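Notes follow once the structure below has been shown.
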Amino acid sequence: MRADPHSHADLDQARTLELDLDLVVDFAQRVLHGTATLVFAEPVAGAVDLDSRSLAIEAVSDADGRSVPFEVGATDPVLGERLRLELPVPTDRIAIRYRTSPAATGLMWLSPAQTDGGVHPFVLSQCQAIHARSLVPLQDTPRARITYTARITVPGFASVVMSAAPGTIEPGADGSRAFRFAMPQPIPPYLLALAAGDLASRDLGPRCRVFAEPGVVESAAWEFADVERMLASAEELFGPYPWDRYDFIVLPPSFPLGGMENPRMTFLTPTLLAGDRSLVGVLAHELAHSWTGNLVTNATNEDFWLNEGWTVWAERRILERLYGSEEAAQQAVLGRMTLDQTLADREAEGASTALTYAQAGLDPDHEFSQVPYEKGFLLLVALERAVGRARFDRFVQDYIAHFRFQSIDTDTFVAFLRHTLPEAAPVDLTPWLQQPGLPDDAPAYRSERLDTLEEAARQGEIPDGRAWSATEKLVYLSHLPAEVDAFAVADHLGIDPESPNAELRSAWLTLAVRSGAQGLEAPLRSMLSSVGRTKLLKPVVKAMVARDDLRPLARELFDANRSRLHSSTRGALESVLAQARPPRP
């Protein structure tokens, strides 16, 4: 039974419980090569279908070393290739010798010039939603949760981190080093994660350590000094932390996301190093995933809101506890602004804005948007307000305890909600889950402070905002008319076009391009050549392609930086560039 439209796996054939990796990182060839051993829940014979993408399968054997026939199917543009094994006799494990492609969609190979240190190469993975199959042949569906062990061999200059507990480091006769890891808790395959390069680390508390390149690690340690306090606050809300340690790594700039919640080793973008701790909310979001997403997981990408809507809700509860209700309210207001724009954009594209919809044949990377994040958050707030916070908090802990280390679909959530929280019955779930847009009675958030700034922006007023918070500046920028003097705005808000706060750089550059401002080539070149985060690049490029004079520059900068961008970022920007209107005659 193929229970996931984004996987070839049929869990009635076999179900993988454990994975063991023995891989070599080859920076020169830009491949991983070695062996993946899959352990099944019980001995099986006959056909077993696995997911793969551009993998070179060299040999397959069973638990007794017998050769196993296999067939690699035709390439599906979304799913990759089906790897069909024909097990001649019952076996509970198979070993697959293989190598990845240099173009593996789940790996980013960085040259020394693309790192902070500039001396050694670097590799990192990004497996969400269905890119684990480009690293390992496996059942690449969240329904097939696995524990794993790994032995990763790298050159002597490199260290390795994974989404697992580290073990021994073994020196090799050729100067290489082998790093061992173990993940004893079952995780969905998209949470497999690896990074290798020249790394340093700093302890931030008894359970938390930050990793980064040596030239970045001190600023990263300062920026995220509050992580232990975040962790303690999250435990008060959601129960004991279930993954032993909470370590994280600040990656080179090509990383495409704000963060990725890989258990025991969250991956973070360096765009969060604003120098003023104004963007640490992203870390709170990834930390919250330890309960909502990693512990209780969406069964398929059609249920993605169960990860992200829950986690936005949890993140804002953590921020409220740490920094007060006004901070949480401001984040909710900013989130609603983003959601409204996303709803308008997706509706114009003919894309769904329901929380759940059929995605067979659709690429999860292309379906990614803020809808499951912010619409999902508002649904949970509607439920919370219907029953009261104290009652809802008890439900949250019951929900997490009941489904811990499980992957569930939306129907399972709804059944549990109706049984466990009958007081929420007045909330009609159909408009939220199955219909476009937002229900008329969707929860609203207000901040008098932000209301004042929005009104000033709409009137075209440019007050002195140097002392404003980053959130206040972002809200103000988003409401300014296109005719405003963008350079005057930057001066009054104290925004440097080369600001370390990449969120503000992106918002200001988008405004400046739309306003028709001249003299933007240098800051645009800097932004598009130093940032890899999709969220920050896409609005800037979209604004550029709407201007005849900047459209060629948008294409030039994309082509020049294509090789350093993640495949999902490339796809998003290619889509924007493809929609550009032709130059006026």
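The values are calculated or read from the model by the stated rules, or taken from the named source; none is laboratory data. Every value quoted in this text rests on a predicted model; they were computed, and no experiment measured them. Don't worry about glycine lacking a Cβ; one is built from the backbone with ideal geometry, like all the others, and counts go over all protein chains shown. Note: areas computed on protein heavy atoms with side chains; ligands, DNA, RNA excluded. Shrake-Rupley method; radii C 1.70, N 1.55, O 1.52, S 1.80 Å.
Observations
- Qualifying residue in segment 23-45 (condition: open to solvent by 60 Å² or more (accessible area, probe 1.4 Å), in contact (Cβ under 8 Å) with a residue 24 or more places away in the chain and over 20 Å from Ala144 (Cβ atoms)): yes
- Qualifying residue in segment 286-305 (condition: β-branched (Val, Ile, Thr) and under 22 Å from Leu565 (Cα atoms)): no
- If the condition is being open to solvent by less than 40 Å² (accessible area, probe 1.4 Å) and within 25 Å of the chain's Cα centre (by Cα), then segment 476-520 contributes Ser499, Asn501, Ala502, Glu503, Leu504, Arg505, Ser506, Ala507, Trp508, Leu509, Thr510.
- Complete set of residues in segment 378-437 that are in contact with a Phe, Trp or Tyr (Cβ under 9 Å, 6 or more places away or on another chain), buried (at least 19 other Cβ atoms within 10 Å of the Cβ) and polar (S, T, N, Q): Thr410
- Residue within segment 55-65 that is closer than 22 Å to Pro188 by Cα, in contact with a Phe, Trp or Tyr (Cβ under 9 Å, 6 or more places away or on another chain) and part of a strand (DSSP E or B) present: no
- Yes/no for Arg277 being farther than 29 Å from Phe368 by Cα, in contact with a helix residue (DSSP H, G or I) (Cβ under 8 Å, 6 or more places away or on another chain) and of a type in the set (D, E, K, R): no
- Filter result (hydrophobic (A, V, I, L, M, F, W, C) and more than 26 Å from the chain's Cα centre (by Cα)) within segment 12-36: Ala14, Ala28
- Test: residue in segment 194-217 that is in contact (Cβ under 8 Å) with a residue 12 or more places away in the chain, of a type in the set (Asp, Glu) and farther than 30 Å from Thr16 by Cα: yes
- Residue list for segment 177-198, restricted to those being surrounded by 16 or more Cβ atoms within 10 Å (Cβ to Cβ) and of a type outside the set (A, V, I, L, M): Arg177, Phe179, Arg180, Phe181, Gln185, Pro186, Pro188, Pro189, Tyr190, Gly197, Asp198
- Annotation: Glu320 fulfils all but one of (1) in contact (Cβ under 8 Å) with a residue 24 or more places away in the chain; (2) of a type outside the set (A, V, I, L, M, F, W, C); (3) open to solvent by 30 Å² or more (accessible area, probe 1.4 Å); the unmet one is (1).
- Residues located in segment 531-549, provided they are surrounded by fewer than 22 Cβ atoms within 10 Å (Cβ to Cβ) and in a loop (DSSP other than H, G, I, E, B): Ala546, Arg547, Asp548, Asp549
- For Leu257, the test of being open to solvent by 20 Å² or more (accessible area, probe 1.4 Å), outside any helix (DSSP H, G or I) and either touching a residue at least 24 places away in the same chain (Cβ under 8 Å) or of a type outside the set (A, V, I, L, M) (or both) is passed.
- Count of residues meeting criterion [open to solvent by 60 Å² or more (accessible area, probe 1.4 Å) and closer than 18 Å to Thr35 by Cα] in segment 83-99: 4
- Total residues in segment 345-374, condition part of a loop (DSSP other than H, G, I, E, B) and either of a type in the set (Ser, Thr, Tyr) or over 15 Å from the mean Cα position of the chain (by Cα) (or both): 15
- Residue match in segment 504-522 (condition: more than 30 Å from Trp468 (Cβ to Cβ) and not in a helix (DSSP H, G or I)): no
- Taking the listed residues Gly65, Gly80, Gly118, the one that is open to solvent by less than 10 Å² (accessible area, probe 1.4 Å) and of a type in the set (Gly, Ala, Ser) is Gly80, with no other qualifying.
- Scanning segment 227-236 for residues that are surrounded by fewer than 17 Cβ atoms within 10 Å (Cβ to Cβ) and touching a helix residue (DSSP H, G or I) at 6+ places or on another chain (Cβ under 9 Å) yields a count of 2.
- Exactly one residue out of Val427, Val475, Val489, Val484 is over 30 Å from Val296 (Cα atoms), of a type outside the set (Lys, Arg) and assigned to a loop (DSSP other than H, G, I, E, B), and it is Val484.
- Which numbered condition Ala173 misses (of (1) over 24 Å from Asp409 (Cβ atoms); (2) assigned to a loop (DSSP other than H, G, I, E, B); (3) touching a residue at least 12 places away in the same chain (Cβ under 8 Å); (4) open to solvent by 10 Å² or more (accessible area, probe 1.4 Å)): (3)
- Test result for Leu528, open to solvent by less than 80 Å² (accessible area, probe 1.4 Å), farther than 20 Å from Val282 by Cα and in contact with a helix residue (DSSP H, G or I) (Cβ under 6 Å, 6 or more places away or on another chain): yes
- Only one of the listed residues (Val123, Val89) is in contact with a strand residue (DSSP E or B) (Cβ under 8 Å, 6 or more places away or on another chain) and over 19 Å from Ala193 (Cβ atoms). That residue is Val89.
- Taking every residue in segment 393-406 that is in contact (Cβ under 8 Å) with a residue 40 or more places away in the chain and pairing it with any residue that is open to solvent by 50 Å² or more (accessible area, probe 1.4 Å) and not in a helix (DSSP H, G or I), at least 6 positions away or on another chain, yields no pair with a Cβ-Cβ distance below 6 Å.
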